[in-house]
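The values are calculated or read from the model by the stated rules, or taken from the named source; none is laboratory data. Please read all numbers here as calculations on a predicted model, not as lab measurements. Positions of Cβ are backbone-derived with ideal geometry, glycine not excepted, and every protein chain shown enters the neighbour counts. Surface accessibility is based on the protein's heavy atoms, side chains included, excluding ligands, DNA and RNA. Shrake-Rupley method; radii C 1.70, N 1.55, O 1.52, S 1.80 Å.
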Amino acid sequence: MKKFENVCVIDDDHIFIYGIKRLMKEVNFGDDILVYDNGKDAINGLRLNSEAGKKLPSIIFLDLNMPIMNGWDFLDDFCKISESELDNTVVYIISSSVDPRDLVRIKNYSIVKNYILKPVTANDLAAIQKEEVA
C-alpha cells in the first residue's frame, strides 16, 4: 500500500491526535506527520513551509469544529494558495458531526476528497492508501 511522504492532522482533540498518529504508525501510513491544533496555526505553518520551498502535505486530515479558526475557515484560506501547489494535496474531513449540511457543504471544495466519521480506523486509512494510488 502507498506510504505518504508527509501528512498533516489539524484537530484540537489531543486524544484523537495521539490515536491517529499511533494508528498511522501501525499501518505504515506516512513518514512525516505535522500536527496543528487549530486552523489558524495550520494555515500559518503551511504557508511558511510553502514559502520556504517545502512541499505541502499529501494528505490533510481536518476537523471542522475547533477554536480560534474552524475547519471551514481553514479551507477557505487554504484554497487561496496557488493551484499548482495544491495539485498534490487532498483533504479528508474528520469529524464527529453527523450534520447532513456538512456533507453538502464539502462539495463546494474540490480539494476535499471525503468525509470520515470519528473514530478513524485502520480500515479507513487503508481505504485512503488504496484510493490515492488509483
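Using a 1.4 angstrom probe on the protein heavy atoms only, could you order LEU117, LEU56 from most to least accessible area?
On the way: LEU117 80, LEU56 15 Å².
I get LEU117, LEU56, largest accessible area first.
Which value, in Å² rounded to 10, gives the accessible area of THR121 with a 1.4 Å probe and all protein chains present?
60
Going by accessible area, probe 1.4 Å, with all protein chains left in place, what is the ranking of MET66, MET24, largest first?
MET66, MET24
Compute a Gaussian network model of the chain, connecting alpha carbons closer than 10 Å, and tell me which residue from ASN44, ASN70, ASN108 fluctuates the most.
Among ASN44, ASN70, ASN108, the largest mean-square fluctuation in the Gaussian network model of the chain belongs to ASN108.
If each of ASN88 and LYS130 carries a label point 7 Å out from its Cα toward its Cβ, how far apart are those two points in nm?
2.5
Would you mind computing, in nm to one decimal, how far apart the modelled labels at GLU5 and ASP77 are, each placed 7 Å from Cα along Cα→Cβ?
Taking the two extended label points, one gets 2.5 nm.
Determine the alpha carbon to alpha carbon distance for each of LYS55/LYS130; LYS55/LYS80; LYS21/LYS54; LYS54/LYS113 and list only those over 19 Å.
LYS55/LYS130; LYS21/LYS54; LYS54/LYS113
Return one whole number: the accessible area per residue of region 1-70 in Å², for a 1.4 Å probe. Each step should come with its number before you reach the end.
Details: 3720 Å² over 70 residues.
With the other protein chains kept in place, region 1-70 gives 53 Å² per residue.
List the DSSP H helices in the chain whose Cα atoms stretch 30 Å or more along the helix axis and whose mean Kyte-Doolittle hydropathy is at least -0.5.
Values: long enough: none.
Answer set is empty.
Counting only protein heavy atoms and using a 1.4 Å probe, what share of the accessible area of the chain belongs to carbon plus sulfur, as a whole percent? Before the final figure, lay out each step's value.
Values: 3620 of 7380 Å².
Ligands and nucleic acids excluded, carbon and sulfur reach 49 percent.
Which of these values of mean projected area of the Cα convex hull in nm² was calculated from the structure shown: (i) 9.0; (ii) 7.5; (iii) 14.6?
(ii)
Evaluate the distance, in nm, between pseudo-label points positioned 7 Å from the Cα of SER110 and of ARG22 along their respective Cα→Cβ axes.
Label-label distance for SER110 and ARG22, simple model: 4.0 nm.
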